[in-house]
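For reference, the structure discussed in these notes is given below.
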Amino acid sequence: MPLLTTRHLLDAAAAGSYGVGAFNVADLVQTQAVLDAARATRSPVIIETLAGGHPYSSDEFFWTMLLRAIDTYDDIPVALHLDHGPDFDTCARAVDAGFTSVMIDGSLDSAGRPAAFEDNVAVTARVVAYARERGVSVEGELGTIGGSKDGASHAQIVLADPDQAAEFVAATGVDALAVAIGTSHGAYKFTSPPDGSVLHMDLIERIAAKVPGVHLVMHGSSGLPADLRETINAHGGRLPESWGVPDEEKGRAAGLGIRKINQGMDHYMAFTAGLRVALAEDPMSVDPAVYLGEAREWSQRLLEERMALFGQAGRAEDVLTHVPRV
Ligand code: 13P
């Protein structure tokens, strides 16, 4: 099956009232874990990656390999999505490389501060014009999502405004909208379990009501499982205690109107735990085939659980028969 757009996958998800995980990958071993989990659970899936967010020497090399890998899974519906494209040129590069979906993140200016609404609209509309002509879906962002991957810097959180969401969608024509509802990116999120003063789940329903033709996206959805942190720390890691989005909130999000659920850190943690355990169990090991294989299996197990939680498990066939909106 050819790659599908996120518009196609998310239209089907809206019709079936379920969520679709968009799983970040930084290498091909992780990519296979996502694809194998999707195949095992019969799930449509979105694979997403950040420009430069991998150990290979160029985006073009990694992106070519990603497309070749996805090609070998022709029995499951897959979209390939650029996560947080920082500017027009990066999004255009991903479109030209064969991605079926891109995110333009115009929510921050070049200094990392919340961008002016008009500037966000302008760059997003430009990406939509380029992508639409080439049959590629576009996600924009309204408000800013907090956090960082290394815990060293923390972006300011600006919650999305429902009225502005309607204006943004009308002015840009995006297919999907990332809405800041209090979540944070990365492995270091909240210092205590988040409650309603942190996660504004009510905003989802209010925004969904204002932009019915667009699919809402929740970023920073990882839960940061304590058992994985403990395993990592018992095998040489030093992750501080931190809380993410609880499982029940992730499950609830789809019911409230979230269609695309972005997750990176949870399966990155599973991968790291598997890797550390494999290396600790065989201190003489120098064979990546063994320890990376173990990491892939740990990652796949967690991904299968998430696919069941988000509701996409068992929906692969449903997507294939769904006719997307144009
Ligand atoms: P986490 O950092 O919570 O895994 O979220 C990933 C994400 O939102 C990517 O855009």
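Read-outs throughout are calculated quantities, based only on the coordinates presented, and are distinct from any laboratory measurement. Keep in mind that what you see is a predicted model, and the values were worked out from it rather than measured. Note that each Cβ is placed from the backbone with ideal geometry, even for glycine, and that neighbours are counted across all protein chains shown.
Observations on the structure shown:
- Extended-chain gain in nm, criterion 0.36 nm per residue less alpha-carbon gap, residue 110 and residue 132: 5.4 nm
- Counting only DSSP H runs of at least 4 residues, each contributing -39500 (n - 2.57), and dividing by the residue count of the chain, the helix-based mean residue ellipticity at 222 nm comes to -14500 deg cm²/dmol.
- Qualifying trypsin sites (Lys or Arg not before Pro) in segment 178-267, where qualification requires a DSSP coil assignment and no more than 12 other C-beta atoms within 10 Å, comprise 238.
- Computed lengthening from residue 17 to residue 71, 0.36 nm per intervening residue step minus Cα-Cα distance: 16.7 nm
- Counting Lys and Arg as +1 and Asp and Glu as -1 over every other residue whose Cβ lies under 11 Å from the Cβ of residue 28, the net charge comes to +1.
- More than 26 Å apart - percent of Cα-Cα pairs taken over the chain: 43
- Computed magnitude of the charge dipole of the chain (debye, nearest 20; Cβ of K, R +1, Cβ of D, E -1): 340
- Between 0 and 90°, nearest 10: helix 6-16 axis offset from the chain longest Cα axis: 90
- Local charge for residue 209 was computed over the other residues whose Cβ lies under 13 Å away, with Lys and Arg +1 and Asp and Glu -1, and equals -1.
- Counting every other Cβ atom within 10 Å of each residue's Cβ, 133, 141, 60 order from fewest to most as 133, 60, 141.
- Top of 94, 280, 37 by mean-square fluctuation, Gaussian network on the chain, Cα under 10 Å: 280
- The mean sequence distance of close C-alpha pairs (under 8 Å, at least 6 residues apart), as a share of the length of segment 8-148, puts its relative contact order at 18 percent.
- Site pair residue 281 and residue 117 shows an inter-label distance of 5.5 nm when each label is modelled 7 Å from Cα along Cα→Cβ.
- Projected over all directions and averaged, the alpha-carbon convex hull of segment 138-264 occupies 7.8 nm².
- Normalised by the number of residues in segment 205-326, the average gap of Cα pairs under 8 Å and 6 or more apart makes the relative contact order 27 percent.
- Each Lys and Arg adds +1 at its Cβ and each Asp and Glu adds -1 at its Cβ; summed about the Cα centre, segment 40-93 shows a dipole of about 140 debye.
- Applying 1/(1 + (r/R0)^6) with r as the Cβ-Cβ distance of residue 205 and residue 289 and R0 = 35 angstrom yields a FRET efficiency of 0.15.
- Spin-label zone in segment 297-313 - amide nitrogen under 19 Å from a point set 7 Å from the Cα of residue 227 along the C-beta vector: 297-310
- Between 6, 240, 95, the Cα set farthest toward the positive side of the dipole of the chain (charges on each charged residue's Cβ, about the Cα centre) is that of 6.
- Cut-off 10 Å between beta-carbons: net charge of the residues surrounding residue 11, Lys and Arg +1, Asp and Glu -1: +2
- On the basis of the beta-carbon distance and an R0 of 30 Å, residue 234 and residue 40 show a calculated FRET efficiency of 0.60.
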